[in-house]
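What follows is a single structure, written as structure tokens, with notes after it.
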């Protein structure tokens, strides 16, 4: 099986993958038959068998099936009558499967090339694309009718167009699986389409379209690299602490949470620790006159986190602890936190200023998420009110500059990750043990 981490091109089938087209097609048939004065003697389930089968030719097609035996119209003429109804019907009722647009948008942000292929007619393809308004998410669109190619030949052509990128084919029928296998591509079967049990033959099958985001996640290769680094360093008698650091807005919390999920999925016991849960009360946090100095020196109770968590871990002691964390908004200790750590645990510790001398010796593997200072402010504008953005110039970023000057990431950390595009992080540097 092709490793999903090697995939850079994703090719999607249309009917039963991007769109549940059966209702709109059936409605188009009903509208055409109504104009002809014909009764509709078949159900949507009866015509489901033809989805995913080439409809451009009349023989053995949907239109051969629906045309009455006593019809004075030919199969081709019936097909044209139905197709005349497509544009209005699809405009009225066509919708993509849940999550399609958001998933395609996210995959593009992650740097994947996205293509649409189908064995339907060019006219039908144009109508569906226009009705769904999803062309902007796709780098390439083509159907069999454009050049009379088979699905495997289409996949091969698309791969060649993108310079031979390793591809995945996503579809709901056995033809899509065969197209993937015939072209050395990863096959992903969608179980929500029209193929019944056919998608179960694929390398991977999904129940919802947005599950693709768990398969094609640019963070996964980085997580695998971190896991391998840990495998080489972890001792059997002690929990392993991974520090996730970066300036404000670098994406530490999201990255740490995703890393924890990755470890859990791979059978590891984990414990996530947020430095923000160890804020000092306001009387301490704002005790000085310099905002940047307050942020750097007074924000966090590093002594408490060392005493309660980091020191016991370093001393190889099992830990089961409940703490009341400070809520910075209310300035009250009212947030419940529970920690359970033993020698097999992967402890993920995230926060600002983690690699300063007070904490450095407790962290076994150090990861720094690198973003430009201006990107930090840009993200702040998205997250915070304009009134708070000025603090980045006066407080947060000056403190971060001071920290990085004293503890340069390229010299003190094990892995530096460019997280400017948090959907597509890239490893910039790895320090060998």
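Some notes on this structure:
- Filter result (under 19 Å from residue 260 (Cα atoms) and buried (at least 17 other Cβ atoms within 10 Å of the Cβ)) within the range 320-361: 339, 341, 345, 346, 347, 348, 349, 350, 351, 352, 354
- Just one of the listed residues (309, 275) is buried (at least 20 other Cβ atoms within 10 Å of the Cβ) and in contact (Cβ under 8 Å) with a residue 40 or more places away in the chain, namely 275.
- Residue in the range 357-376 that is more than 29 Å from residue 307 (Cα to Cα) and free of Cβ contacts under 8 Å to residues at least 24 places away in the same chain present: yes
- Check on residue 5, touching a residue at least 12 places away in the same chain (Cβ under 8 Å), under 30 Å from residue 222 (Cβ atoms) and in a helix (DSSP H, G or I): yes
- From 423, 394, residue being in the same structural domain as residue 349 (by TED's automatic domain parsing) and either within 21 Å of residue 230 (Cβ to Cβ) or part of a loop (DSSP other than H, G, I, E, B) (or both): 423
- Flag if residue 414 is farther than 20 Å from residue 276 by Cβ, surrounded by fewer than 20 Cβ atoms within 10 Å (Cβ to Cβ) and touching a residue at least 40 places away in the same chain (Cβ under 8 Å): no
- Selection count, the range 253-269, where residues are touching a helix residue (DSSP H, G or I) at 6+ places or on another chain (Cβ under 9 Å), touching a residue at least 60 places away in the same chain (Cβ under 8 Å) and crowded, with 18+ Cβ neighbours inside 10 Å: 3
- Criterion (in a helix (DSSP H, G or I) and closer than 25 Å to residue 148 by Cα) met by exactly one of 30, 84: 84
- Checked against the criterion of being assigned to a helix (DSSP H, G or I), touching a residue at least 60 places away in the same chain (Cβ under 8 Å) and under 23 Å from residue 395 (Cα atoms), the range 229-248 contains not a single residue that satisfies it.
- Lone unmet requirement of (1) part of a helix (DSSP H, G or I); (2) without any contact (Cβ under 8 Å) to a residue 24 or more places away in the chain for residue 224: (2)
- Test: residue in the range 280-287 that is surrounded by 13 or more Cβ atoms within 10 Å (Cβ to Cβ), within 32 Å of the chain's Cα centre (by Cα) and within 19 Å of residue 350 (Cα to Cα): no
- Residues of the range 405-420 satisfying the condition of being in a helix (DSSP H, G or I) and within 21 Å of residue 241 (Cα to Cα): 409, 410, 411, 412
- Of the residues making up the range 173-211, just one is part of a loop (DSSP other than H, G, I, E, B), touching a helix residue (DSSP H, G or I) at 6+ places or on another chain (Cβ under 6 Å), touching a residue at least 60 places away in the same chain (Cβ under 8 Å) and under 20 Å from residue 98 (Cβ atoms), namely 194.
- For residue 389, the requirement of being surrounded by 13 or more Cβ atoms within 10 Å (Cβ to Cβ) and assigned to a strand (DSSP E or B) is not met.
The values are calculated or read from the model by the stated rules, or taken from the named source; none is laboratory data. Please read all numbers here as calculations on a predicted model, not as lab measurements. FYI the Cβ positions are ideal-geometry reconstructions off the backbone, even for glycines, and counts take in every protein chain you see.
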